[in-house]
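Chemist: One structure coming up, written as C-alpha cells, with questions to follow.
What follows is calculated from the coordinates using simple rules that are stated; it is not laboratory data. This is a predicted model, so every value here is computed, not measured. Here the Cβ positions follow ideal geometry from the backbone for every residue, glycine too, while neighbour counts run over all protein chains shown.
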Amino acid sequence: MPSETPKKKFIVDLEPIGRRVEVEAGTNLLEAAQKAGIDLVASCGGIGICGTCRVRIAHGEVTPITLTEEESLDSAQFAAGFRLACQTEPLSDVRLDIPPDSLTAVQQMQVEGREGEVELAPVVVAVDLALEKPHLEDLRSDLARVDEELTRQGYAPLKGRLSLIGQLSLLLRKSGWKARLAIRPEKNSSTLVAVLPPGALLAGLAMDLGSTKLALYLVDLASGATLARAGVMNPQIAYGEDVVSRIAYANKAEENRRILQTRLVETINQVVANFCQELSLQQNQVVDIVAVGNTAMHHLFSGLPVEQLGSAPYVPVVSEPLEFEASEIGLVAAPGARIFMPANIAGYVGADHVSALLATQSYAAHRTTLVADIGTNTEISLTHQGRVYSCSCASGPAFEGAHIHDGMRAAPGAIDRVHINDGRITLSTINNEPPVGICGSGILNAVAQMLEAGIIDERGVLRGEHERIRAKGRQSEFVLAQASESGHGRDVVVTRKDVNEIQLAKGAIRAGIEILLQKAGIPAEAIEEFIIAGAFGTFLDLGSALRVGMFPVIPLERYHQVGNAAGVGAKEMLISRARRAEAAQIVNGVNYIELTTYSTFTPQFVEAMYFHPPFE
C-alpha cells in the first residue's frame, strides 16, 4: 500500500503575543492559536456564527473568504485584512495581528511609574464665560463680547478656526450665554481649542509610544490627576518586531509607511474612545496631547520619512521639539488640539529617554547617577559632575520574549520565574496558568538559574548531567516544563540559541555602560544611584541581571526600579509648560556617544557576552 504524501506545514506567527506555531495544511487559524496556547474569543465554539475571533492577516496567503465570513464582517473590514480565525486556513507562512478584543486575556503591561511633584501650569486652560445677552442697544458681535470678557480675565483676544467660532455662537445662545472655552494663551492672542458646555472637564492625553507597548494616560488638566491609564501592544509589531525591521518595511513603499502610522493611530483612537466612554466624557474634551517615543516611533507616528534612520549616520528628520494639529494624522480629539513631541537626542536615542531623564531628574542630580531604560532598544545615560553622557544599545527583542524558541510576551501562561535547587525545577507563570511559553523576565531568570546550577558554562554552552538536558540535532536544549504539565501538551524548552540571545542583549547593555563609565573617567563603584526604567526593567529580577553580568556589581541599595519613567515624564510635560522647556534644556546638555564608532566597543561587547563578571 503506497504511503501517504505528508501534508505541507506552515508557520503561524501570532502577534502581538509573540508566539509562533507550526501547523499542517488544513488547520484553521483558531486551531493554530489554540495549539500555541493562545485563547481567542470564540463564543460559538468555532463554527463561525458569532464573529468574535477576528484577526488581521498582516502577511502571507490564506484561503478565500467564506460565505459565513461575509455575514459577519463588512467590506471595510475585509479591505483592512480582517478574517475570522475559525474560517481561515494558511496557504503559506502567515503573520497575524490579533486585536485586543479578540483575546480572552490581556497581556501584562507596565504603565505605572515613580512620580514627583510638578507645579501645575498646563498649556491649555479653561475660561468660563457668562456674557450679557445682546439687545437693541448693544449690537456688538458675539466675538467682540467674548474678547472683552477674555481681556477682563487677563487673556488676549480670541483666534481660532471658523467652524469653532461658529460653534461658540450657537452654544452661547443654547446655554443662556454661558460656555467654557479651552484656550491656548499666547502673547498676542488666545487660540481657541474647544467650545464646551459650562463646567466641562478639560482632559489631556499623555502617551509613551514604545516599540512593543503603548502606555496611555488621560489626565485632568485642572488638577493634574490621572483619570485613566492603559497599556496596549503596539500594532506595528505585526509588520516588524523591532524598529529596524519596521524601517525596512516602511522603506519598501510609501503606502507601507502610511499603514504603520494608520495602525498606530487607530489603536490610540480606540483606547481614547474607551477612556471617554468609561468616564462619560466627549472626545472633544481631550484638548492637549503629549507623545514621546524613540526616534523611529516619533517619525512613524508623526508621518515623517524614516529612510535616513536605516543607514549611517542615522540622522533624524527633526531633532527639535515638534508640535502639530492632532487632526493632521487622524487622531480624534478637540478640534484645536495639538500634539507636542519633545526633542530627540539622536537617531536611536529619542524623546522617550529625554522624558525618562526629566521624570527621574537624574540629569540634574548632584551625584553620579545612571539611568537605563531597557527595551528592544536600550538607552543609557550617565550623569557625573554635571555632565550627561548618553548612548543607545541594540539589545534586541529577547527581553520581550521574541527570538526565543518558546518565547512569548507577558500574557497568561508565560513563565516569568524559574528556580532550580538540587536539580529540582520550580516555575511561576503569569496568572498561575499552565505554562505555554516564557516571557522576557522569565528567560533572563532561567538563564541565571541554569548558570548558578552549572547547567550552562560561562560561554553559554549547555553541559552537565541534568536529566532535563537533551540533544536536539547538533544543539542541546533544557526542558523547563514537560508536555504533561504544559498548557498546550508540548515541552517548553530553553535552547542554546535562546541563551545566546540573552548573551547578545546583556552584552550590548553592559558594554554600553562600561563605555559611558570610561567616557566619564570613573569606575562602576562611583555610581551612587542606578535607575532601571521601562516595562521590562520593572519586571526583571535584579539578582538574575547581576548574575549574568548585565549590570555591574555595586551595592543593591543603589539600584532602583522606577517603572515607566518615560510615561511619567510625558504626563509632567502635559501639565507643565516649564517641564517642556526643561526637556529642551536636557537635550542641549547631553553628550551623545555613537557606540558603533567607539574603538573599544566591539572587544568590550564580546567580553561582556561571557557569563563571568567581565569588568571587575
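Chemist: Rounded to the nearest 500 deg cm²/dmol, what is the calculated helix-only ellipticity per residue at 222 nm for the chain, with -39500 (n - 2.57) per DSSP H run of length n ≥ 4?
Modeler: Numbers: 16 runs with 176 residues, N = 616.
One gets -8500 deg cm²/dmol as the mean residue ellipticity at 222 nm.
Chemist: Hey, another quick one. Pulled fully out, how much extra length does the chain show between residue 140 and residue 22, if you take 0.36 nm times their separation in residues and subtract their Cα-Cα distance? List each step's numbers first, then the result.
Modeler: Working: separation 118, 0.36 × 118 = 42.48 nm, distance 7.38 nm.
My answer for the length gained is 35.1 nm.
Chemist: Considering only the other residues whose Cβ falls under 13 Å of the Cβ of residue 385, what net charge follows from Lys and Arg at +1 and Asp and Glu at -1? Before the final figure, lay out the partial values.
Modeler: Numbers: positive: 367, 387, 519; negative: 528.
Within the 13 Å Cβ shell, the charges total +2.
Chemist: Provide the percentage of antiparallel DSSP beta bridges, counting only those with both residues in the stretch 203-341; round to the nearest 5. Present the calculation step by step, with values, prior to reporting the outcome.
Modeler: Numbers: 18 of 28 bridges.
The antiparallel proportion sits near 65 percent.
Chemist: Would you mind checking the tilt of helix 496-520 against the longest principal axis of the Cα atoms of the chain, expressed as 0 to 90 degrees and rounded to 10?
Modeler: 60
Chemist: Roughly how many whole Å is it from the C-alpha centroid of the stretch 401-479 to that of the stretch 536-568?
Modeler: First find each Cα centre; the distance between them is then 20 Å.
Chemist: Can you pull the one-decimal nm distance between simple spin-label points at residue 175 and residue 467, each 7 Å off the Cα toward Cβ?
Modeler: Simple spin-label model gives 7.3 nm for this pair.
Chemist: Just need the relative contact order of the chain here, percent rounded to a whole number, with Cα pairs under 8 Å and 6+ apart. The partial results should precede the final answer.
Modeler: Numbers: 1383 pairs, mean separation 82.3, N = 616.
Relative contact order comes out at 13 percent.
Chemist: Now for a separate question. Note down the relative contact order for the stretch 360-404 as a percent, whole number, built from C-alpha pairs under 8 angstrom at least six residues apart. Mind showing how you got there, number by number?
Modeler: Numbers: 78 pairs, mean separation 14.5, N = 45.
The value is 32 percent.
Chemist: Same structure, new question: Among DSSP beta bridges lying fully in the stretch 9-102, give the percent that are antiparallel, nearest 5.
Modeler: Working: 13 of 17 bridges.
Counting DSSP beta bridges with both partners in the stretch 9-102, the antiparallel share is about 75 percent.
Chemist: Now for a separate question. Arranged from highest to lowest average of other beta-carbon atoms within 10 Å per residue, in what order do the peptides 31-37, 426-432 appear?
Modeler: Values: 31-37: 22.7, 426-432: 15.1.
Final packing ranking: 31-37, 426-432.
Chemist: Can you give me the Cα centroid spacing of the stretch 289-349 and the stretch 201-265 in angstrom?
Modeler: That distance is 11 Å.
Chemist: Helix 440-452 sits at what angle to the longest principal axis of the chain, using alpha carbons and giving 0 to 90 degrees rounded to 10?
Modeler: Orientation of helix 440-452: about 30 degrees from the principal axis.
Chemist: Could I ask something else about it? If you count, for each residue, the other Cβ atoms within 10 Å and average over each peptide, how do 600-611, 370-381, 9-20 line up from highest to lowest?
Modeler: On the way: 600-611: 17.4, 370-381: 26.4, 9-20: 22.3.
In decreasing order of mean packing, 600-611, 370-381, 9-20 become 370-381, 9-20, 600-611.
Chemist: What share of the DSSP beta bridges in the chain is antiparallel, in percent to the nearest 5?
Modeler: Values: 74 of 106 bridges.
Among the beta bridges of the chain, antiparallel pairing accounts for roughly 70 percent.
Chemist: Can you give the relative contact order of the stretch 199-303 as a percent, counting alpha carbon pairs under 8 Å and 6+ residues apart? Write down the numbers at each step before the final one.
Modeler: Working: 152 pairs, mean separation 35.9, N = 105.
Answer for the stretch 199-303 is 34 percent.
Chemist: Beta carbons within 10 angstrom, averaged per residue: use that to sort the peptides 494-506, 474-486, 152-164, 232-244, highest first. Mind showing how you got there, number by number?
Modeler: Numbers: 494-506: 21.6, 474-486: 16.3, 152-164: 14.5, 232-244: 23.5.
With the highest mean Cβ count within 10 Å placed first, the list reads 232-244, 494-506, 474-486, 152-164.
Chemist: Could you tell me how many degrees, from 0 to 90 and to the nearest 10, lie between the Cα long axis of helix 243-252 and the main elongation axis, the longest principal axis, of the Cα atoms of the chain?
Modeler: That works out to roughly 70 degrees.
Chemist: Something else: To the nearest Å, what is the center-to-center distance of the stretch 140-187 and the stretch 49-79, using C-alpha atoms only?
Modeler: Spelled out, the Cα-based centre of one part sits 48 Å from the other.
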